[in-house]
Structures are given as C-alpha cells and as structure tokens.
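Here, each number is a calculation from the coordinates, and none is a lab measurement. Only a predicted model underlies this, so the values are computations on that prediction, with no experimental measurement involved. As a convention, Cβ positions derive from the backbone with ideal geometry for all residues, glycine included, and neighbour counts pool all protein chains shown.
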2 protein chains.
Amino acid sequence: MADNDSSGSKIRYLFGAGDIGEGNAYLNSLGAAAVKAESILGCASSALKNRALLLAAERLKAEEERILAANALDLDAAAEAGMSVSLQDRLRLTPARIDSMCEGVRQVASLPDPVGDVLDGGTRPNGLQIVKVRVPLGVLGIIYEARPNVTADAAALCIKSGNACILRGGKEAINSNKVIADLFRIALDEAGLPFDCVQLITDTSRETAAEFMKLDKYVDVLIPRGGHGLINAVVKNATVPVIRTGAGNCHIYVDEHFVLDKVEKIIINAKTQRPSVCNAMETLLVHRNAACLLTKVCRDLLEKGVELRVDNRCGGVLLSGGFPMEKLVKADESDWETEYNDLILAIKMVDSLDEAIEHINRYSTHHSEAIITENYNHAREFLARVDSACVYVNASTRFTDGGEFGMGAEIGISNQKLHARGPMGLKELTTVKYMIYGNGQIRE
Amino acid sequence: MADNDSSGSKIRYLFGAGDIGEGNAYLNSLGAAAVKAESILGCASSALKNRALLLAAERLKAEEERILAANALDLDAAAEAGMSVSLQDRLRLTPARIDSMCEGVRQVASLPDPVGDVLDGGTRPNGLQIVKVRVPLGVLGIIYEARPNVTADAAALCIKSGNACILRGGKEAINSNKVIADLFRIALDEAGLPFDCVQLITDTSRETAAEFMKLDKYVDVLIPRGGHGLINAVVKNATVPVIRTGAGNCHIYVDEHFVLDKVEKIIINAKTQRPSVCNAMETLLVHRNAACLLTKVCRDLLEKGVELRVDNRCGGVLLSGGFPMEKLVKADESDWETEYNDLILAIKMVDSLDEAIEHINRYSTHHSEAIITENYNHAREFLARVDSACVYVNASTRFTDGGEFGMGAEIGISNQKLHARGPMGLKELTTVKYMIYGNGQIRE
C-alpha cells in the first residue's frame with residue numbers, strides 16, 4: 001500500500017492496491033475509517049467542503065489523461081468480455097464527459113449547504129429552547145453499476161452534505177473508479193479534510209458486496225443506483241437501511257376531456273424522448289370516450305419505432321381504424337407490471353377515471369404518473385388519489401428529476417415512502433438532531 | 001363472525017371472533033382490507049377524522065363496563081400465569097385510566113392535521129408548478145406489548161394522520177384490546193369512515209406475528225413499541241420497513257465547569273424520576289476536575305435507592321470521601337453498553353470533553369444525552385459532536401417526549417436516522433407527494 005504522494009501526505013492510494021485485503025476485515029477497516037472521517041466532515045464548514053469539491057474538479061481535469069488511460073483498460077476488458085455496445089457506452093469516458101463530470105462537481109459546490117439548517121423550534125413554557133437542526137446522515141454506502149461518472153457524482157453529493165461515503169461501483173469500471181476516487185481523496189487531503197471521507201471498495205467480489213450490505217455497525221444508509229436487478233438484490237440482502245431508488249412503471253391516463261395536440265405531444269415525449277430511464281411512460285390508459293385518438297397516436301408511436309402491446313378493446317379500435325394488425329401485440333397481465341425501459345408501450349382502455357386510478361395504484365411502482373385532462377375535478381381527484389411520488393396534470397412524466405425540480409443535483413429518485421420520496425437532492429441526504437438549551441430544567 | 005350490531009351496520013366484530021382464521025390467509029385479508037380502507041381515510045377531511053375520534057372517545061367512556069370486564073379476564077389469566085406485579089399494573093385498566101385514555105383520544109382530535117400541509121414548491125422556468133404536499137404513509141403496523149392503552153393511543157394517532165393501522169398487541173391484553181379496537185371500529189362506522197381503518201390481529205401466535213412483519217405487500221411501515229426484546233425481534237425479522245423506537249442508553253456528562261446545585265438536581269431527576277423509561281440516564285460521566293462532587297451526588301443517589309456501578313477512579317474518589325465500600329459495584333465494559341431501565345447507574349471518570357464525547361458516541365443508543373456545564377464553548381462542542389437524536393445543555397434527559405416537545409402526542413421516540421429522529425408525532429406518520437400542475441409541458 002503506497003503511503004505517500006508527491007505532496008508528502010499519507011493518503012492510502014486505491015489504484016494498484018491489490019494488497020488491501022478482502023472480506024470482513026477489509027470492510028470493517030473501511031467502515032471504521034469512514035466513521036472517523038465523518039466525525040470531522042460532519043462538523044466541517046461549507047467553505048471547507050466547497051474547497052475540497054473545487055480542488056477535486058481541478059484534479060479531475062488536470063489528471064484527465066490518467067483517467068482516460070484507466071478507462072481504456074476497463075473498456076478493453078469489457079470488449080473482450082463481450083459487453084454490449086450500449087453498456088460499453090455507459091462505461092466510456094471522453095474528455096467531454098470528464099468536463100461534464102467536473103462541471104457537475106462544481107455545481108454541487110455552488111448549491112446551498114443543507115447541514116445546520118434550522119427546521120423548527122421554539123421555547124417551551126419551562127424555558128427550554130428546542131432547536132431542530134439538519135445534520136448529515138453519517139456514513140452512506142452507494143452501490144452502483146459500470147458508470148464511472150457516478151463515482152464523482154456520488155462523492156461530490158456526499159461531501160457537500162457532510163456524509164462520508166463508501167462507494168461500491170461495478171467491477172467493469174474498477175480502474176476508472178480507482179483513479180476518480182483517489183483524485184477526490186487527494187483533494188480532500190489538500191483541503192484539510194480526512195481523505196477517508198471518500199472510500200472505494202476495490203475488492204469487487206460478489207461476496208464482499210453482500211457483506212457490505214450487512215455492515216450495519218458502520219454504515220447508516222445504503223443507496224443502490226442502477227437497474228431493477230441491482231436494487232432488488234440490495235433490498236433483499238441488506239440489513240443496513242436502504243433507500244430504494246429508481247423502479248418506474250409510469251402511467252399516463254388520457255381522460256375523456258382531452259385536447260388532441262396536448263395528448264400527442266406528451267405521449268410521444270414521455271415514451272420516446274429517452275425510453276431507457278425510470279421516468280419514461282410504460283403504460284398508457286385511455287378512457288373509452290377518448291378511443292378516437294388511439295389510431296392517430298399509435299401511428300405516431302409506430303413511426304418512432306415503438307412496439308405496441310394492447311388490450312382487446314384498444315386492439316379492436318385500432319384495427320377498425322385501419323391500423324396494421326401485424327404491428328400489434330396482445331398485452332397480458334405481465335405487461336401491466338413491466339417496466340420495459342425500452343421502446344415498448346402497453347395500452348389499455350378504461351371506462352372511468354376510477355378504473356384508471358385503481359389500475360395505477362395496483363400496478364404502478366409509485367414513481368410518476370400523469371393525467372391529461374381539461375376537467376378540473378378529474379385533475380384534482382387524480383392528484384389526490386394516485387399514490388405515487390410525483391403526480392402530474394398535463395405534463396410529461398419525464399420531468400421527475402432533481403435538476404428539473406430545481407434541486408441542482410440528485411443522488412436518485414426514491415419510490416419508497418420512508419425518509420425521502422421523489423427526487424433526492426442534498427436535503428434528502430440529511431437527518432435531524434434536536435439541540436435543547438436549558439438552565440437547570442428537570443421534569444416534574 | 002357477528003355481522004350486525006344494534007345500529008344495523010356491518011362491522012366485523014373482533015370480540016369473540018375465534019372464527020376469523022389464522023396465518024397467511026388471515027393476514028392477507030387484513031392487509032387487503034387496510035389498503036382499501038386507507039384509500040378513503042387517506043383523502044378524508046380533518047372534520048371527518050375528528051368526528052370519528054370524538055365518537056370513539058364517547059364510546060370508550062360509555063362502554064367502560066365492558067372494557068373493564070374484558071380487562072378483568074386478561075388480569076385473571078395474567079395472575080394465573082404468574083405475571084409480575086409491575087407488568088400486571090401495566091395491563092390493568094381502571095375508570096380513571098379509561099378517562100385518561102378518552103382524554104388522550106380527544107387531545108389527538110384537537111391537534112392540527114398534518115395531511116395536506118404544503119411543505120415546499122415553486123414554479124419552474126417552463127411554467128410547471130411543483131407543490132410538495134404531506135400525505136399519509138399508508139398502512140401502519142403497530143406491534144406492542146401488554147398495555148391496552150396503546151391500542152387507543154395508536155389507533156387515534158393513525159386515524160388523525162390518515163393512516164390505516166393493523167394493531168398487534170401482546171396476547172396478555174387480547175380481551176381488552178378487542179373491545180377497545182371494536183369501539184374504534186364502531187366509531188369510524190358511525191362517522192362514515194371504513195371501520196377497517198383500525199384492525200386488530202386477534203390471532204396472537206408468534207408465527208402470525210412473524211408473518212405480519214413480512215407483510216410487505218400491504219403494510220408500508222412497522223412501528224414496534226415496547227422493550228428491547230420486542231424491538232430487536234422486529235428489526236431482525238421484518239422485511240417491511242421499520243422505524244426503530246425506544247432504546248435509550250442515555251448519558252449525562254458533568255463538565256469541569258459546573259455548578260453543584262444544577263448537577264445534583266439534574267442527575268437525581270434524570271436517574272430517579274422514572275427509571276423504567278427510555279429517556280432516563282443510564283451512565284454518568286464526570287470530568288476528573290469535577291470529581292469533588294461525586295461523594296455528595298452518590299450519597300443522594302444511594303438515598304433514592306440507586307445501585308452504583310463505578311470505574312476504579314470514581315471508586316477511589318468515593319472511598320477516600322468515606323463512601324461505604326459495600327455500596328459500590330465495580331463497573332465493567334458491559335455496564336457502558338447497558339440500558340438498565342432500573343435504579344442502577346454506571347459512573348465513569350473522564351479526562352476531557354473529548355473523551356466524554358467519544359465514550360458517548362461509542363456506547364450510546366443515540367437517543368438523548370446531556371452536558372452540564374457553564375462553559376459556552378464546551379456546550380457548543382457537545383451539541384455539535386454528540387451524534388444523538390436529542391442533545392441537551394443543562395437539562396434532564398427526561399424531556400425527550402412528544403408531549404414535552406409540544407407535539408401533543410407521540411407514537412414513539414425514534415433513535416434511527418432515516419425518516420424520523422427523536423419524538424415522533426403526527427407529522428412523522430406522514431410522507432410527501434409532489435403534485436405537478438402543467439399545461440402541456442414536455443421535456444426537451
């Protein structure tokens with residue numbers, strides 16, 4: 001383990017560190033170091049944390065060549081292992097992508113620091129002053145896939161919110177991640193903060209990942225970032241509290257009171273603008289009195305390459321409208337449950353707003369749903385009764401995003417109800433503490 | 001199963017309902033009924049919910065005789081089973097206790113309704129109006145011990161916060177609980193709300209309790225209320241998200257800058273005013289320069305019947321001060337970790353504020369801790385660095401309580417960091433939803 005760098009500090013380097021050890025002892029050492037680092041970071045001033053972030057952005061740009069070289073190793077191995085072209089694209093870093101990574105880190109530095117915000121308080125009749133203050137969660141575990149930009153992104157959000165982080169990225173990106181994490185560690189050290197505020201698990205075995213999910217002793221919260229498979233594995237295996245992110249079986253319901261232009265525009269956008277993401281529409285529900293728009297809308301979708309999976313009633317309307325039968329697939333129960341993340345759309349006819357709401361509350365992953373309507377009362381009822389993190393009237397579900405919501409950056413989108421729901425920014429990475437100022441009060 | 005009552009409604013009665021079924025099918029039926037009831041309760045007006053609560057309070061008082069008769073059955077069985085006198089006391093209901101139960105329900109009715117509060121929001125540059133609104137969590141599972149008043153308490157808080165609840169009380173209180181839960185169900189029905197907003201698990205087997213903790217499909221959050229054993233069992237077995245409550249290994253640190261009167265008053269109060277509760281002090285840390293107060297304070301504690309478990313240094317000071325040796329027990333590592341919930345106090349000498357903070361952060365259950373000091377900077381540092389839900393300066397830890405904090409009522413005290421920390425009132429039984437008002441916005 002290298003114990004010195006050009007500046008003479010004692011950062012434990014991660015790159016080339018095959019000798020760090022593995023399994024429980026390794027994780028325990030990371031955990032203990034994180035807790036220790038957090039005890040300083042958690043009380044650090046915004047100025048100091050911002051300094052570390054700006055230094056990290058500088059370092060990332062200055063060491064671009066080294067990052068690209070490490071990334072090339074990952075890409076070579078990925079190509080050799082037969083990784084799909086689209087996954088290779090997610091893994092790939094370029095000078096432009098590194099610029100955008102640096103810009104992201106600088107943006108986080110520019111956001112307001114949530115730590116220390118006074119949320120509530122007052123003075124009790126006995127004179128006790130109670131002040132409810134935002135404080136960091138503590139040690140965050142972030143588990144993600146082969147996207148090295150998440151390393152920079154997660155590290156920046158954690159530093160800004162005063163949380164030490166232990167990162168576990170996909171093994172396919174390990175070389176890229178090591179360099180990026182190390183540059184953050186160097187920047188932390190330069191800023192006068194403990195470098196162990198950011199740690200990367202370099203033992204990328206599945207066994208170690210599974211043990212990491214049970215590191216309750218040191219880790220306060222686990223946040224998985226990635227596809228279903230990853231999130232389900234974390235939820236199932238973890239004993240550390242998890243914030244579930246991501247899964248989005250999103251619905252749009254076209255009410256009987258609609259305006260065709262709005263419907264077309266929103267549906268095409270929600271399905272095709274970026275079909276692989278969690279806030280894309282997966283099921284379209286159409287009121288029977290809006291069935292007349294189906295043929296037009298489905299032709300537009302077909303032109304955009306969307307595969308259509310329809311129930312019998314929609315199928316009937318489309319065929320009567322002259323829609324080519326060979327372009328239709330019959331939907332079954334599993335389609336209502338599926339988040340395709342692809343150019344596929346399930347379509348179902350409903351008889352009422354009630355039926356639409358019931359379908360959504362039954363099949364949705366409670367992420368984002370929209371109603372398209374000109375009827376005030378239907379809009380109001382949909383907003384009140386649909387049980388999802390984000391409920392829209394006359395807008396694309398694609399807006400469920402920290403940036404679009406004005407949070408500046410997000411660590412993920414929660415579709416659970418505990419702690420955080422919807423896009424999670426810096427505030428969602430905090431908890432509270434009550435500070436109580438007395439002068440000798442006792443309870444009678 | 002009785003399907004009618006004097007008013008002709010169709011409430012499924014719980015008392016005498018041996019034929020309800022058991023195991024999974026039973027729990028699934030409760031779960032499905034809760035979700036259905038919640039879809040109405042979650043959108044119900046405050047006026048309607050308050051009406052149900054006031055009717056419940058009336059019913060509880062009107063049916064006092066029936067409650068006492070059921071409670072007598074429980075008490076007889078408990079006495080026969082050899083239950084300890086103190087547990088029997090917790091199980092016992094009296095006319096005065098029923099009055100106080102009714103008063104509690106009426107108090108909850110008088111509290112502000114958190115549901116619908118607008119917490120945040122704004123209009124984005126594209127014209128989307130985003131409104132962050134408080135909504136109920138959904139279906140709450142409450143698991144508790146043999147205290148029938150918790151049935152009324154939990155049911156009232158859940159109704160007010162728009163959450164359907166499934167209650168699982170200790171089997172020793174089953175007869176009392178059935179009557180109390182039924183009176184709530186009748187009141188809900190009378191108010192025009194679904195009676196299944198409040199359900200009680202009448203199959204009190206351990207197997208059913210264990211299955212209840214895995215009822216993810218229907219239950220949004222589990223809240224255990226009771227001792228360590230119960231809470232640990234729930235945390236360990238549950239797959240439903242849990243809010244941990246209760247465990248309180250609370251510390252008071254006497255700084256070197258102290259005023260004796262304040263110290264004595266606070267220490268005696270925090271240890272002896274009600275030693276069985278979670279916010280009572282369990283370990284006293286004394287700065288070496290405050291050792292001179294030990295003999296006086298320990299004599300006071302001894303007089304109150306407190307057993308003293310001391311480290312060597314404190315023992316030395318006490319013996320030199322003429323304290324009777326036979327009244328001292330040598331503390332070991334396990335004492336620093338123990339929540340006695342009894343008239344026992346561990347005492348340790350420390351050399352610095354730093355050492356006190358480190359001891360607390362290591363051994364505490366992160367519930368409530370206090371510093372007694374006249375030094376401004378020490379107070380500030382203690383507040384910032386001690387990682388607990390409630391951190392006090394110059395006051396007894398006994399104030400950690402929803403009522404004392406002005407919340408009006410509490411469902412428990414959380415010592416976890418996710419979702420809620422410290423006393424949990426009605427607001428802590430809610431989550432949020434984003435309502436987004438557009439007029440055709442799509443994402444570019």
Could you calculate the contour length gain from B:Thr94 to B:Asp351, that is, 0.36 nm times the residue separation minus the distance between their Cα atoms, to one decimal place in nm? 87.4 nm
Expressed as a whole-number percentage, the relative contact order of chain A with C-alpha contacts under 8 angstrom and at least six residues apart is 17 percent
Note down the net charge around B:Gln129, summing +1 for each Lys or Arg and -1 for each Asp or Glu among other residues with Cβ under 15 Å from its Cβ. +2
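Pairs of Cα atoms under 8 Å, at least six residues apart: use those to get the relative contact order of the range A:23-237, whole percent.
Reported relative contact order: 31 percent.
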Cut-off 10 angstrom, C-alpha nodes, Gaussian network model of chain A. Which of A:Asp120, A:Asp182, A:Asp300 fluctuates the most? A:Asp120
Longest principal axis of chain A (C-alpha) makes with the long axis of helix A:228-237 (C-alpha) an angle, in degrees to the nearest 10, of 60 degrees
Of all chain B residues, the one whose C-beta is nearest the axis that brings B onto A, in angstrom: B:His419, 2
State which entries of B:Lys61/B:Lys214; B:Lys61/B:Lys171; A:Lys61/A:Lys262 exceed 32 angstrom in Cα-Cα distance in the structure shown. B:Lys61/B:Lys214; A:Lys61/A:Lys262
Peptide A:392-401, shielding by other chains (average Cβ, 10 Å cutoff): 6
Once the label point is set 7 Å along the Cα-to-beta-carbon vector, what list of distances in nm do you get between A:Val432 and its counterparts in the other copies? 1.2
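Other chains' Cβ within 10 Å of A:413-419 residues: what's the mean?
Other-chain Cβ atoms within 10 Å of each residue's Cβ, averaged: 5.
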Measure out, as a whole number of angstrom, how far apart the alpha-carbon centroids of the range A:138-194 and the range B:156-181 sit. 46 Å
What helix-only [θ] at 222 nm does chain A give? Using -39500 (n - 2.57) per DSSP H run of at least 4, over all residues, to the nearest 500, the answer is -12500 deg cm²/dmol
Measuring from the longest principal axis of the C-alpha atoms of chain A, the long axis of helix A:353-363 (C-alpha) lies at a number of degrees, nearest 10, equal to 40 degrees
Kirkwood Rh, angstrom, the range B:250-404 [1 / mean 1/r, Cα pairs]: 15.1 Å
Taking the label point 7 Å from Cα in the Cβ direction, how far apart in nm is A:Glu207 from each other copy of itself, listed shortest first? 3.7
For B:Asn28, inter-copy label-point distances (7 Å, Cα→Cβ), nm, shortest first, read 4.4
Going by average Cβ neighbours within 10 Å, how do the peptides A:35-46, B:316-327, A:128-139 rank, with the highest at the top? A:128-139, A:35-46, B:316-327
In this model, which of A:Lys271/A:Lys327; B:Lys49/B:Lys217; B:Lys330/B:Lys417; B:Lys49/B:Lys178 are farther than 24 Å apart at the alpha-carbon? B:Lys49/B:Lys217; B:Lys330/B:Lys417
With Cα atoms, 0 to 90° folded angle of helix B:64-80 axis to chain B main axis: 50 degrees
Stretch gain in nm, segment A:Asp216-A:Asn312, where the contour uses 0.36 nm per residue and the Cα spacing is subtracted: 29.5 nm
Over all residues in B:424-435, what is the mean tally of Cβ atoms on other chains that come within 10 Å of each residue's Cβ? 4
Mind giving me the nanometre distance, one decimal, between the label points for B:Ser46 and A:Asn24, set 7 Å out from Cα along Cα→Cβ? 5.3 nm
Quick one: among B:Met101, B:Met83, B:Met424, which has the greatest mean-square fluctuation in a GNM of chain B with alpha-carbon springs under 10 angstrom? B:Met83
Sticking with the crude label model, points 7 Å out along Cα→Cβ, report the distance from B:Lys36 to B:Val118 in nm, one decimal please. 3.6 nm
One finds the C-alpha centres of the range A:264-291 and the range A:336-414 to be spaced, in Å, by 10 Å
Gained length - B:Asp342 relative to B:Glu264, 0.36 nm times residue gap less alpha-carbon distance: 26.2 nm
Taking amide H positions as placed in the peptide plane 1.01 Å from N, state which residues far from A:Val221 in sequence (5 or more) or on other chains have amide H under 5 Å from it. A:Val139, A:Gly141
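Which whole-number percent is the relative contact order of the range B:250-404 (Cα, under 8 Å, 6+ apart)? Don't jump to the answer; show the numbers that get you there.
Values: 283 pairs, mean separation 51.0, N = 155.
So the answer I get is 33 percent.
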Too long at a 20 Å Cα-Cα cut-off: which of A:Lys236/A:Lys433; B:Lys296/B:Lys348; A:Lys433/B:Lys265? A:Lys236/A:Lys433; A:Lys433/B:Lys265
